Structure formats: structure tokens, C-alpha cells
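Trainee: Starting off with a structure, shown below.
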Amino acid sequence: MDAEQARQVDSVLRRLGIPGVVAPEDPENLTGPWRVYDTADPANREDITADALAALAATLQPSAANPSEPVDRRRRGPTRGFVLPPKSDE
């Protein structure tokens, strides 16, 4: 991924609480390819891009109850809306 895609991936990972540090493969070349790593230290880091993207995909998979609707794990409470009573034949 390039630097702009990396910025977007980093934002999504942080919002969803998925661990990882998005950084360039070569710390001296910020215009080169970027990956997701387990730590920011270039000397001791391990590439976890595949694991991070798999965790992201698992988070966004549809629930078993309604497979046509994506799961938003951040939403866990009441939502606003309207309840419309059924029409009566009076």
C-alpha cells in the first residue's frame, strides 16, 4: 500500500481497536510501500499485514442472524427510530 492508503488503514485499525503499527517497509523511503507491523522499531518488527487485514475482515463480516447486514461492533445500544403502528381497518 502507498502512504495515503496506509493513513486510511491506520485510521480504521485504530477505530476498531485492531493492534498494529502502519509504517513504510524502508524507513528511509516514505514514498515506497507501507505495511502493518507489530512494533514501530524497524530493527525488531515483524510484518503482520495479513493478520491485521484478516482481523479487519472478520470485524466487518455479516452476523449469522442477518447475513445481508454488516456487523458494526462499535454499536451496542439503543438506536433512535420510529415505531409505526399497523393500519387498522376501522
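The values are calculated or read from the model by the stated rules, or taken from the named source; none is laboratory data. Please read these numbers as outputs of a predicted model, since none were measured by experiment. Because the Cβ atoms are built from the backbone with ideal geometry, glycine has one as well, and the counts that use them run over all protein chains shown. Side chains included, ligands, DNA and RNA excluded: accessible areas come from the protein's heavy atoms. Shrake-Rupley method; radii C 1.70, N 1.55, O 1.52, S 1.80 Å.
Trainee: For Y37, enumerate residues with amide H under 5 Å from its amide H, sequence gap 5+ or separate chain, H modeled in the peptide plane.
Mentor: For Y37, the qualifying residues are V21, V22, A23, I48.
Trainee: Using a simple charge model, +1 on the beta-carbon of Lys and Arg, -1 on the beta-carbon of Asp and Glu, nothing else, what dipole does the stretch 1-65 show about its Cα centre, in debye to the nearest 20? Don't skip to the end; give the middle numbers.
Mentor: Working: 5 positive and 11 negative charges, 81 e Å.
It comes to approximately 400 debye.
Trainee: Follow-up. Filter the trypsin sites (Lys or Arg not before Pro) in the stretch 1-66 to those in DSSP coil with at most 16 other Cβ atoms within 10 Å of their Cβ, and list the result.
Mentor: Numbers: sites: R7, R14, R15, R35, R45; in loops: R45.
Within the stretch 1-66, the qualifying trypsin sites (Lys or Arg not before Pro) (loop, at most 16 other Cβ atoms within 10 Å) are R45.
Trainee: Ignoring ligands, DNA and RNA, what percent of the accessible area of the stretch 7-46 is carbon or sulfur (1.4 Å)?
Mentor: 48 percent
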